[in-house]
């Protein structure tokens, strides 16, 4: 305890000196703050030190990365960096701070557009309260921008010299320079109504509902420049497009292990039929001539077709047995992201095809339906990807580990009767590992990987991200951003060693795509040979 107190006092003294003098990072150095999607957060936290080293910052030891206590924001700190690049805020002190924060696509775009949408952060009290539906509407007047009056600022990881003595970054208001979105701002048009963290906000009384909605024009970008002067790969471009789209990655569907059907197992005599649906009475036809009845067993499902996904997430399927006798009867629970998340927008425009009015799909569900209603499908919207993982875990009866900064630690998850457990389906980044509570299934018979996306095999449940740069970036900030895009343009940099975990098998450079997609609403059927052609 004495050690912690000493660190706290020392941190205060150092920050105090920084405030009273012009020698510390608050009055010098260069800051580049990125804010938005979880995929980009995962990417840059791993390669951030390499970006700073390539810019000429000290490489031995390499730049350190510090995270906030909740793990949702981090900052790479470069020291002994070139003077010309580390003096955006005054006389150079040799420091460059490169931060990355995980929240949602819409709010990153809002920040660089100098906007804070109070209504989309606000809550409405009462059951299914919604101003358009005229249900018990009472706006929560306590919802304000925590960084007011600065609409371009958000809470991000900050590490001003001695401020990270305990290895943990501070959470402070900083201007956002790069808003990171899964897709273009004009495609974020979805509406959702539900508690902020789905089933985790289970015992509030009354329940407080978050309403997220946008017009058909999407998230506003009126203050964001359409191009900027930037050097990428050593080439200066006075009109480099803004936003840029350097990275692509897939999403995947996950189900509770108890979502089962009768399926041919590995003892089937016809290997091509392993994984196919079957019944004990038709096993010879279903699993191959000579197959024993034991070749047909109840297993966790291994794939979902587009038709099934649309039927599920439009809310028309109440029980898994609605798909027929192969499936074990179990009420359906849907775990989704809230509106404003690029994941939900991609699901809507790439899979459901409802909101764009093309008419060959169906609209996503928009309103929460809690277990207490007794009428499936049960529907829960979730603020972050971590919240959606919690939703899937909760639906399986698992213990929820909740470290989200918005969580009230006294919250008790929604009650879950035993006869409802185990029937959840949701969607996450495809690099999420299977757990005891949820497992990944194929989409239209294929797993989404870097190779299946770039070569036109995996169907349209993936994205090319968008990086929106704020107006007025300074010399050092432009240098960091240019180096980010230079790094991301080279497929050879997308390795497991560089990206951590197994992300080299999922994340790819947009320069290697043979089947690119211009935007979220365009089906990527057109072959265009990649600039950096790759082979598996």
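The values are calculated or read from the model by the stated rules, or taken from the named source; none is laboratory data. These numbers were taken from a predicted model, which means no experiment stands behind them. We place every Cβ from the backbone using ideal geometry, glycine too, and count neighbours over all the protein chains shown.
General observations
- Meets criteria (at negative phi and surrounded by fewer than 20 Cβ atoms within 10 Å (Cβ to Cβ)) for residue 368: no
- Taking every residue in the stretch 383-408 that is over 17 Å from residue 336 (Cα atoms) and pairing it with any residue that is modelled with pLDDT of 90 or more, at least 6 positions away or on another chain, the pairs with Cβ-Cβ distances below 6 Å are 397/421; 398/437.
- Considering each residue of the stretch 202-217 in turn, at least one proves to be surrounded by 15 or more Cβ atoms within 10 Å (Cβ to Cβ), closer than 19 Å to residue 119 by Cα, touching a residue at least 40 places away in the same chain (Cβ under 8 Å) and touching a helix residue (DSSP H, G or I) at 6+ places or on another chain (Cβ under 6 Å).
- Of everything listed in (1) modelled with pLDDT of 95 or more; (2) under 30 Å from residue 220 (Cβ atoms); (3) part of a loop (DSSP other than H, G, I, E, B), the single unmet condition for residue 422 is (2).
- Selection status of residue 361, surrounded by fewer than 24 Cβ atoms within 10 Å (Cβ to Cβ), in contact with a helix residue (DSSP H, G or I) (Cβ under 6 Å, 6 or more places away or on another chain) and not in a helix (DSSP H, G or I): yes
- Members of the stretch 364-398 that are in contact with a strand residue (DSSP E or B) (Cβ under 8 Å, 6 or more places away or on another chain), closer than 23 Å to residue 189 by Cα and in a helix (DSSP H, G or I): 385, 387, 388
- Test: residue in the stretch 113-136 that is at pLDDT 90 or above, on the phi > 0 side of the Ramachandran plot and in a loop (DSSP other than H, G, I, E, B): yes
- The single condition among (1) buried (at least 22 other Cβ atoms within 10 Å of the Cβ); (2) under 18 Å from the mean Cα position of the chain (by Cα); (3) at pLDDT 95 or above; (4) not in a strand (DSSP E or B) that residue 520 does not satisfy is (3).
- Members of the stretch 217-235 found to be in a loop (DSSP other than H, G, I, E, B) and over 23 Å from residue 384 (Cα atoms), listed by number: 217, 222, 223, 224, 225, 226, 233, 234
- Answer residue from the stretch 333-358, given it is surrounded by fewer than 24 Cβ atoms within 10 Å (Cβ to Cβ) and part of a loop (DSSP other than H, G, I, E, B) and is modelled with the highest pLDDT among those: 353
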